[in-house]
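The values are calculated or read from the model by the stated rules, or taken from the named source; none is laboratory data. Please read these numbers as outputs of a predicted model, since none were measured by experiment. Note that each Cβ is placed from the backbone with ideal geometry, even for glycine, and that neighbours are counted across all protein chains shown.
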Amino acid sequence: MAPSNAPTVDQTSELTQSGIQHTLEETAPSVAPQAPRAPPVLAELDASKIAFIRNRSPREVPAAHSPPVWSQSVCTDHMVAATWTATDGWGAPQLRPYGPLSLMPTASVLHYATECFEGMKVYRGSDHKLRLFRPNLNAARMLKSATRIALPGFDPKELEKLITRLVSVDAEKWLPRAQTNSFLYIRPTMIASAPNLGVNKPTEALLYVICVMFPSFDSPLETWPAQMAYLPDGTLRKPCLRLLASQHDMVRAWPGGFGSAKVGANYGPSLIAQAEARQRGYDQILWLFGEENNVTEAGASNFFVIWRTKEGKAELVTAPLGDKVILDGVTRRSLLEMARERLCAEQAGKYGFKEGLEVVERKFTMGEVMEAYNEGRLLESFVGGTAFFITAVSDIHFRGTDLVIPMTKSDTTGPYTDALKNWLKNIMYGREKHPWGVVVQETGVPPEPRQTQKLEYRARL
Ligand SMILES: *Cc1c(COP(=O)(O)O)cnc(C)c1O
């Protein structure tokens with residue numbers, strides 16, 4: 001018999017769940033749902049230990065809408081980086097010059113897709129203030145994604161502080177106060193970096209956060225590069241999305257898989273279909289699942305339809321989170337919460353709508369969408385995600401049939417889509433005071449320390 005103080009190994013519990021629990025106990029006991037079996041020995045992620053290393057060759061900010069901005073490759077002067085090892089835990093984070101990483105060719109991430117990421121934005125408000133939008137949700141989701149692929153855990157509040165620190169230093173130059181209603185894209189990333197080719201749980205990791213310039217897809221089409229502004233047949237596109245429904249030869253995610261985690265492994269294999277969709281004049285794939293063609297999500301955005309039921313009720317419908325096939329989008333959550341609050345039967349009138357919407361999260365099929373379309377019950381459709389925000393869907397191509405979504409407000413959006421989009425935008429840009437819009441105090445780049453030889457010093461958060 002095993003000695004009584006040896007950890008008992010539960011042979012029956014689910015592997016994924018118990019693996020995540022063990023990772024949390026080892027790497028981030030402060031946020032583990034159960035107390036660890038042994039006292040913690042590894043250092044946890046601690047934003048207060050951040051060291052600042054100034055960028056001594058900062059680059060110029062390219063003009064909005066210029067080719068470098070459209071290339072989505074221009075980052076701000078600094079980045080956050082923190083390393084983790086299985087022997088010591090998290091090291092002191094650094095706020096250091098943006099620049100290349102050094103990895104051995106054997107690094108786990110390069111072979112086994114041990115990578116996860118987040119996508120969020122920092123907004124320059126109409127009131128000139130800097131804001132993040134529900135950053136706690138991104139940080140919490142990053143923890144979920146990381147531990148799903150055996151990367152180390154951390155207290156999400158610490159990640160949120162690191163993100164805040166980066167934007168508080170770099171936004172003054174890269175998102176100037178005068179440039180109201182603009183944003184930068186933030187990409188927190190974690191990779192397994194240990195130089196061992198064995199197919200094993202990561203023993204070293206690197207967490208980093210970069211801030212990327214992004215074109216505004218809301219800007220007039222004239223400011224877009226020609227290859228994006230025109231469809232393959234030479235006509236000017238509309239600022240709406242054209243979706244191509246996936247076919248049986250490709251599945252994005254499946255129950256028991258990892259579609260609900262923002263891990264790199266979900267994206268690479270879908271690019272071949274995405275490129276084909278582009279070739280055929282569509283913007284994104286509408287991912288269907290299973291024999292019944294359940295509608296899941298579109299590209300890297302959640303998907304919504306507004307239809308009238310056969311009984312005549314107006315509904316906002318989107319796929320459910322339950323079987324973990326779709327991503328739990330921050331935009332999705334915010335849209336649903338906002339619609340439940342302001343578009344319910346009792347409130348809709350206040351906002352100028354004759355009729356409220358029922359909000360429904362359930363499985364629905366492409367057949368149901370087709371039927372609603374054919375019976376004139378399909379009212380609006382849109383996608384929601386951070387990168388492309390909320391965009392109306394104008395066309396869905398499904399196995400030889402083109403559904404052209406009716407748009408009653410204008411030919412580029414529907415009235416409910418437009419209202420939801422504006423409400424969220426107003427919070428992001430500070431035109432509506434709301435707890436989802438989190439103001440960031442700007443410090444700018446800290447002044448040079450007195451002793452100029454000393455390049456590195458601790459900056460307090
Ligand atoms: C990131 C992402 C979304 C959108 O999530 P947000 O938090 O709203 O940005 C939706 N689907 C997939 C597959 C994604 O990767």
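Of the residues examined, Arg134 is one that is in contact with a strand residue (DSSP E or B) (Cβ under 8 Å, 6 or more places away or on another chain) and modelled with pLDDT of 95 or more.
Within segment 157-176, one or more residues are under 22 Å from Ser334 (Cβ atoms), in contact with a strand residue (DSSP E or B) (Cβ under 6 Å, 6 or more places away or on another chain) and within 16 Å of the ligand (Cβ to nearest atom). Counting the residues of segment 231-261 that are crowded, with 17+ Cβ neighbours inside 10 Å and within 17 Å of Ala319 (Cα to Cα) gives 10. Residues that are closer than 10 Å to Leu42 by Cα and of a type in the set (Val, Ile, Thr) were ranked within segment 78-97; the one that is surrounded by the fewest Cβ atoms within 10 Å (Cβ to Cβ) is Thr87. Among the residues of segment 125-140, those identified as buried (at least 22 other Cβ atoms within 10 Å of the Cβ) and within 11 Å of the chain's Cα centre (by Cα) are Pro135, Asn138, Ala139.
Screening the candidates Lys433, Lys454 for the property of being modelled with pLDDT under 85 and farther than 17 Å from Lys121 by Cα yields one hit, Lys454. For segment 327-383, taking the residues that are aliphatic (A, V, I, L, M) and within 16 Å of the ligand (Cβ to nearest atom), the one that is farthest from the chain's Cα centre (by Cα) is identified as Ala339. Note on segment 26-42: among residues that are of a type in the set (A, V, I, L, M, F, W, C) and modelled with pLDDT under 75, the one that is farthest from Ala86 (Cα to Cα) is Ala35. Against the conditions (1) closer than 14 Å to Val74 by Cα; (2) of a type outside the set (Lys, Arg); (3) part of a loop (DSSP other than H, G, I, E, B), Ala194 satisfies every one except (1). Looking only at residues in segment 274-293 that are surrounded by 19 or more Cβ atoms within 10 Å (Cβ to Cβ) and closer than 25 Å to Lys324 by Cβ, the one that is farthest from the ligand (Cβ to nearest atom) is Asn293. Listed here are the strands (runs of 3 or more DSSP E) enclosed by segment 222-300 that have at least 3 residues being over 24 Å from Gln72 (Cα atoms): 284-289, 294-298.
Scanning segment 296-326 for residues that are within 8 Å of the ligand (Cβ to nearest atom) and either out of contact with any strand residue (DSSP E or B) (no Cβ under 7 Å at 6 or more places or on another chain) or over 18 Å from Tyr267 (Cβ atoms) (or both) turns up nothing. Screening segment 384-403 for residues that are within 14 Å of Ala245 (Cβ to Cβ) and of a type in the set (Val, Ile, Thr) and picking the one that is farthest from the ligand (Cβ to nearest atom) gives Thr401. Quick one: in segment 294-319, which of the residues that are farther than 24 Å from Glu337 by Cβ and free of Cβ contacts under 8 Å to residues at least 60 places away in the same chain is surrounded by the most Cβ atoms within 10 Å (Cβ to Cβ)? If we take residues in segment 294-319 being farther than 24 Å from Glu337 by Cβ and free of Cβ contacts under 8 Å to residues at least 60 places away in the same chain, then Gly312 is surrounded by the most Cβ atoms within 10 Å (Cβ to Cβ). Do we have Thr331 as touching a strand residue (DSSP E or B) at 6+ places or on another chain (Cβ under 9 Å) and assigned to a helix (DSSP H, G or I) here? Yes; evaluated as a whole, the condition is true for this residue.
Checking every residue in segment 160-174 against the condition of being closer than 24 Å to Ser30 by Cβ and part of a loop (DSSP other than H, G, I, E, B) gives zero matches.
Selection of segment 301-327 for residues being of a type in the set (A, V, I, L, M) and part of a strand (DSSP E or B) yields Val305, Ile306, Ala314, Leu316, Val317.
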